[in-house]
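Student: Below are the structure tokens for one structure; questions will follow.
The values are calculated or read from the model by the stated rules, or taken from the named source; none is laboratory data. A quick note: this is a predicted structure, and the numbers were derived from the prediction, not measured. In this analysis, Cβ positions are derived from the backbone assuming ideal geometry, glycine residues included, and neighbour counts consider all displayed protein chains. Side chains included, ligands, DNA and RNA excluded: accessible areas come from the protein's heavy atoms. Shrake-Rupley method; radii C 1.70, N 1.55, O 1.52, S 1.80 Å.
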Amino acid sequence: VGNLLPNAYGLYDMSGNIAEWCWDWVGPYSSELQMDPTGPRTGKTRVSRGGSAYLRVEDQRISHRWVNSDPGWYNNDLGFRIAWNAE
């Protein structure tokens, strides 16, 4: 951990290994210009982002959205990260 530079949020090693199961629900983003957009507040399917070692290089970007993550579904290359802000 920490061998590469952190991302814009100061988090290390966020790409690769596993796809990230996210808090966002699947749905369209607003057409307004925004930073770090989120989907709708409710839904049936969660978003997962990024890629795992099982996927193509093109799918390793954290901006890559997967829309097949029902909250009860699991897979060996899907996980989540816990981040703590000490401020």
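Student: Would you mind working out the magnitude of the charge dipole of the chain relative to its Cα centre, with +1 at each Lys and Arg C-beta and -1 at each Asp and Glu C-beta, to the nearest 20 Debye? Each step should come with its number before you reach the end.
Tutor: Values: 8 positive and 10 negative charges, 39 e Å.
Around 180 debye, computed over the chain.
Student: What does DSSP give for the chain in terms of the percent of beta bridges that are antiparallel, rounded to the nearest 5?
Tutor: Details: 6 of 8 bridges.
If I count the DSSP bridges inside the chain, around 75 percent turn out antiparallel.
Student: Return the long-range amide H neighbours of C22 (sequence gap of 5 or more, or a different chain), with a cut-off of under 5 Å between placed amide H atoms.
Tutor: Amide H to amide H, under 5 Å and 5 or more residues apart or across chains, C22 pairs with V47, S48, R49.
Student: Specify which residue in the list Q34, V47, Q60 is farthest towards the positive end of the charge dipole of the chain, using unit charges on the beta carbon of Lys, Arg (+1) and Asp, Glu (-1), about the Cα centre.
Tutor: The residue sitting farthest along the positive end of the dipole is V47.
Student: Short version: ³J(HN,Hα) in whole Hz for each residue of region 42-59, in order, from phi by Karplus 6.51 cos²θ - 1.76 cosθ + 1.60 (θ = phi - 60°), x for Gly and Pro, what are they?
Tutor: Running phi through 6.51 cos²θ - 1.76 cosθ + 1.60 with θ = phi - 60° gives 9, x, 10, 10, 8, 8, 10, 10, x, x, 10, 5, 7, 9, 5, 4, 4, 9 Hz.
Student: Where Lys and Arg each count +1 and Asp and Glu each count -1, what net charge lies around P40 among other residues with Cβ under 13 Å from its Cβ?
Tutor: Once positives and negatives cancel, what remains is +2.
Student: While we're on this one: Using label points projected 7 Å from each Cα along Cα→Cβ, tell me how many nm separate L11 and Q34, to one decimal.
Tutor: It is 1.8 nm.
Student: Also: For a quick check of understanding: with a 1.4 angstrom probe and all protein chains in place, what accessible area in square angstrom does V26 have, to the nearest ten?
Tutor: 50 Å²
Student: List, in order, the whole-Hz ³J(HN,Hα) value for each residue of region 20-34 obtained from phi through the Karplus relation with A = 6.51, B = -1.76, C = 1.60 and θ = phi - 60°; use x for Gly and Pro.
Tutor: Calculated HN-Hα couplings, in order: 9, 6, 10, 6, 5, 8, 6, x, x, 7, 5, 7, 6, 5, 8 Hz.
Student: Counting only C-alpha contacts under 8 Å and six or more residues apart, can you give the relative contact order of region 1-53 as a whole percent? List each step's numbers first, then the result.
Tutor: Numbers: 75 pairs, mean separation 21.1, N = 53.
In percent, rounded to a whole number, it is 40.
Student: In addition: Could you check how much of the accessible area of the chain is carbon and sulfur, as a whole percent, using a 1.4 Å probe? Don't skip to the end; give the middle numbers.
Tutor: On the way: 4090 of 7060 Å².
Solvent-exposed carbon and sulfur of the chain make up 58 percent of the total.
Student: Could you work out the relative contact order of region 28-87, using alpha carbon pairs under 8 angstrom and six or more residues apart, expressed as a whole percent?
Tutor: Values: 53 pairs, mean separation 17.2, N = 60.
Normalised by residue count, the contact order of region 28-87 is 29 percent.
Student: Follow-up. Sort Y54, Y29 by accessible area with a 1.4 Å probe, largest first.
Tutor: On the way: Y54 160, Y29 75 Å².
Result of the area sort, largest leading: Y54, Y29.
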